[in-house]
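To start, the structure under review is shown below, and the notes come after it.
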Amino acid sequence: MLEITDLHANVEGKEIIKGLNLKVNAGEVHAIMGPNGAGKSTLANIIAGKEEYEVSGGKMLLNGEDIEELAPEERAHKGIFLSFQYPVEIPGVTVTNFMKTAINETRKAQGLEEMPAKDMLKLIREKSEMLEIDRKFLSRSLNEGFSGGEKKRNEIFQMAMMQPKLAILDETDSGLDIDALRIVANGVNKLKSSDNAVVVITHYQRLLEYIVPDYVHVLYDGKIVKSGSKELALQLEEKGYDWIKEEINA
Amino acid sequence: MDMKDKLVSSFLAFEESVNVDAPIHNIRSQAIKIFEEKGFPSKKEEAWKYTSLKSILKHDYSVFPKEENALDFKEVKKYFLHDIDTYKIVFVDGRYSSYLSATTHDKMDVCLMSSALNYDKYRPVIDNYFNKIAKPDGITSLNTAFSREGAYIYIPKNKLADKPIQIIHFSTGKESAQMLQPRNLIVVEENSQVQIIERHQSLTKNPVLTNSVTEIFADKRAIVDYYKIQNDRQSASLIDNTFIEQQAQSTVSVHTFAFGGNLTRNNLNFYQKGEYVNSILNGVTIIEGKQHVDHNTLVHHIEPNCESHQDYKGIFDEKATGVFNGKVVVNKEAQKTNAFQSNNNILLDDSATINSKPQLEIFADDVKCSHGCTIGQLDESALFYLRSRGIGQKEARALLMYAFANNVLESVRIPELKARITKLIANKLGVNLGFDL
């Protein structure tokens, strides 16, 4: 699905990603953990196509296709979805209208007809129920005045609506209480299938109790320095990152 | 002959076409003298520092339309708010079009200034209100001198105008260049309420210059909502002079949607003459090319316990230039005044310009006054957020601009008008988002 080899990237001339390798296959869940400033969010944004990051080397393939030159919306049309750490407020545009536009623009790009209003409503109803979202919430302006938890839940609602091939969750757990965390994780698990993949970026092991990863990677100083099974996350929770830093420096 | 000389000498011809024995003719004669003395404003004047009339005054405008030009409703339907019932006062090349209008005299007057100026039954209102608050500057005096036609709206006390009123001025361009000088008078008595929509629309490539003067009087507890739609052709320029006097506990809001035209200057003046008055000034400007929009506002707080709220949003692309000059004066007696002003701007292009200048003159000591001004670009992270959801760059930019202007749109109290304006914005930005914004 996603294959990143020897990726290097700069922000304003400063190298943040320094030779990163990552391979994600369909049907898998990967977790990326690491200390603050390691480059986790940068990586998520680069995959989604944020233009202020300059890729200076390496390759990024999505199902074998080089995506480096693609605009963010083109990547979305190919099935990449990023759940934002800080979703943006858009006054005057309701969640429902926003989703209609996003879905129909994507369908247009894929050469499909617009989704009939009836089907759209059905989809909205189904996904909002799954994530226990109040219908009234959907007619509010996108993210405006939402609590931190509401914003994150809304991100996962958007993911459920868009049904991406590759979903990247950037610290979706921050700002969620335990009940919301369970609902959100449950939503992600229901969307998982053998032809999509999920990359979870998190500081804490907590979310991984609910979304169980097949692989856990440690991102440190712009590189993936260690990969393992879900037990690695427990180890990190318990011991922090210092032992990894020591291992690298040794 | 330059435009000033032409206008001054046209006054004699004008006098032949109006009743010079009418009492208001003295006002006209005095006004032409003021114009003769002061002329058009130049950039040397502080209030006109960023707006030059030079380029628009070089055309040889005809001052009076030579013939009556009829318009087919089908041709101009789109400029009306036609999905709700309204009163309409419509002018074609400065002349009243009874065919396109829908006026009334049923318990209130929604009709023509020419009638009001000529018939005795309107005399008391004209004597009390006509030219009472219009500033005697050159440009307003010019309008006063040639005042003959426009909208006359009189809502007696305890009356709720049953439908919104549209005032529309069309110019057909049968003349090679045309100057229009509509004169409106709106009197809303105690406890009464009215909503008014004003639009100037050119239908021609030929230059049109409109110098409009509107006086609005809101008596005690009156509520007036006034909406100006300025979405004219590139060949049309507008100088709008609006003067509003408010008595105790009245609320007057003026929304100015400036989406196009060559040069647009809005002189919007509020005078608060009673306590507990609320004045609301909102504006959205979205322009591009070489368009120029200048909002020059004045709120004069004269009595205690009053409020004013100004919120102007501007989006400027290409070489467009904007000006916001917002003056708030708080007299010594006007204690407990709350005066707020904000002017936020987005420049989409390095060549676009906005000059934003708040002017606060506060002589009272127990007041709350604030002003804020921002100038920035579209938020790149927000743009990325929308694009990451599959929304193309152009549509994403449009959504952000709409969101930026949204709080002003939300305060439009006629839902059909709000829908129309959002559609105008979507058209202007060239997007179809699959839903009505």
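No value in this document is a laboratory result; all are computed from the given coordinates. Given the structure is predicted, the values throughout are model-derived calculations rather than measurements. In this analysis, Cβ positions are derived from the backbone assuming ideal geometry, glycine residues included, and neighbour counts consider all displayed protein chains.
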**Asked** Rounded, prolate or oblate: which one fits segment B:3-392, using the alpha carbon gyration tensor with axes a ≥ b ≥ c (rounded when a/c is under 1.5, else prolate when a/b beats b/c, else oblate)?
**Response** rounded
**Request:** Calculate the tail of P(r) for segment B:1-159: the fraction of all Cα-Cα distances greater than 24 Å, expressed in %.
**Result:** 47
**Item:** Pair B:Phe340, B:Ala419: separation of 7 Å Cα→Cβ label points (nm)
**Value:** 3.0
**Request:** Within 10 Å of each residue's Cβ, count the other Cβ atoms and sort B:Glu318, A:Glu231 from fewest upward.
**Result:** A:Glu231, B:Glu318
**Message:** Just want to confirm a number: the relative contact order over chain A, from Cα pairs under 8 angstrom separated by 6+ residues, in percent.
**Reply:** 28
**Message:** Below 8 Å between Cα atoms, with a sequence gap of 6+, how large is the relative contact order for chain B in percent?
**Reply:** 9
**Asked** Counting only other chains, what is the mean number of Cβ atoms within 10 angstrom of the Cβ of each residue in peptide A:91-99?
**Response** 5
**Prompt:** So what is the diffusion coefficient of segment B:393-437 in µm² per second by Stokes-Einstein at 4 °C and 1.567 mPa s, using a Kirkwood Rh over Cα pairs?
**Reply:** 122
**Asked** Farthest toward the dipole's positive end in chain A, which of A:Ala71, A:Val11, A:Leu219, given Cβ charges of +1 (Lys, Arg) and -1 (Asp, Glu) about the Cα centre?
**Response** A:Ala71
**Fill in**
Scoring only Lys, Arg, Asp and Glu (+1, +1, -1, -1) among other residues with Cβ under 13 Å from the Cβ of A:Ile183 yields -3
**Message:** So if I take the centroid of the Cα atoms in segment B:64-135 and the same for segment A:61-131, what is the distance between those two points in Å?
**Reply:** 50
**Fill in**
Note to self, chain B gives a 222 nm [θ] from helices alone (DSSP H runs n ≥ 4, -39500 (n - 2.57) apiece, / all residues, nearest 500) of -6500 deg cm²/dmol
**Request:** Would you mind checking which residues have amide H under 5 Å from B:Ser250's amide H? H placed 1.01 Å from N; only 5 or more apart, or other chain.
**Result:** B:Arg221, B:Ala222, B:Asn278
**Prompt:** Add -39500 (n - 2.57) for each DSSP H run of 4 or more in chain A, then divide by its residues: what number comes out at 222 nm, to the nearest 500 deg cm²/dmol?
**Reply:** -11500 deg cm²/dmol
**Prompt:** What is the local net charge at B:Gln230, summed over the other residues whose Cβ is closer than 15 Å to its Cβ (Lys, Arg +1; Asp, Glu -1)?
**Reply:** +2
**Asked** Quick one: if the Förster radius is 60 Å, what FRET efficiency do B:Glu380 and B:Lys77 give, using the C-beta to C-beta distance and rounding to 0.05?
**Response** 0.90
**Prompt:** So what's the net charge close to B:Val76: Lys and Arg +1, Asp and Glu -1, counting the other residues with Cβ under 14 Å from its Cβ?
**Reply:** +2
